[in-house]
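Working notes for the structure below.
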């Protein structure tokens with residue numbers, strides 16, 4: 001049975017053979033858990049629960065749903081650890097599970113709404129400024145612009161700029177070719193530039 005997870009729960013720094021778990025690499029933590037040291041699992045949760053929660057929240061914009069999906073993600077992680085082949089990084093694997101869970105929820109939620117989430121972002125032209133410059137402007141306006149993107153386009157922005165994943169890693173997370181990732185990034189940046197220009201925030 002998976003451990004009960006709670007963002008508010010306290011966390012102790014366990015040790016293994018005299019070494020703090022917090023000093024071990026992700027894959028070492030996974031190996032420990034798979035070898036029967038289940039008390040190492042909270043360390044994995046501690047490392048990634050906040051980032052994953054924020055990623056889910058930015059896609060669904062519903063805190064209660066994000067909390068529920070976070071729990072589902074880590075239950076799935078617990079159940080799938082022994083099948084993790086370590087061909088990708090643990091971080092990429094965790095975000096792939098998070099992305100799939102979130103997109104599955106969104107497909108169910110929007111099933112009865114005939115909305116083309118990709119249609120709106122193709123209409124705005126213009127050169128995209130550097131995202132780091134955009135993020136230095138008023139955070140609430142940037143977030144409002146991000147919320148106007150489709151989930152598919154918002155996810156590549158989130159994973160690249162907020163979570164530091166490479167295009168190759170994003171491709172693994174969302175399950176599409178790198179060329180598609182680059183295309184979505186290009187369209188999303190053009191859209192953001194157009195929206196922020198309307199807000200008077202573009203450099």
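Where helices (runs of 4 or more DSSP H) sit wholly within the range 128-167, those with at least 1 residues that are modelled with pLDDT under 50 occupy 131-135. In this structure, is residue 82 in contact with a helix residue (DSSP H, G or I) (Cβ under 8 Å, 6 or more places away or on another chain) and surrounded by fewer than 17 Cβ atoms within 10 Å (Cβ to Cβ)? Judged against the criteria, residue 82 is a match. In this structure, residue 36 qualifies as under 22 Å from residue 19 (Cα atoms), free of Cβ contacts under 8 Å to residues at least 40 places away in the same chain and surrounded by fewer than 16 Cβ atoms within 10 Å (Cβ to Cβ). Residue-level analysis places residue 64 outside the set of residues that are more than 24 Å from residue 23 (Cβ to Cβ) and within 11 Å of the chain's Cα centre (by Cα).
The values are calculated or read from the model by the stated rules, or taken from the named source; none is laboratory data. Just so you know, these numbers come straight off a predicted model, no measurement behind them. Heads up, the Cβs are rebuilt from the backbone with ideal geometry, glycines too, and the neighbour counts pull from every protein chain shown.
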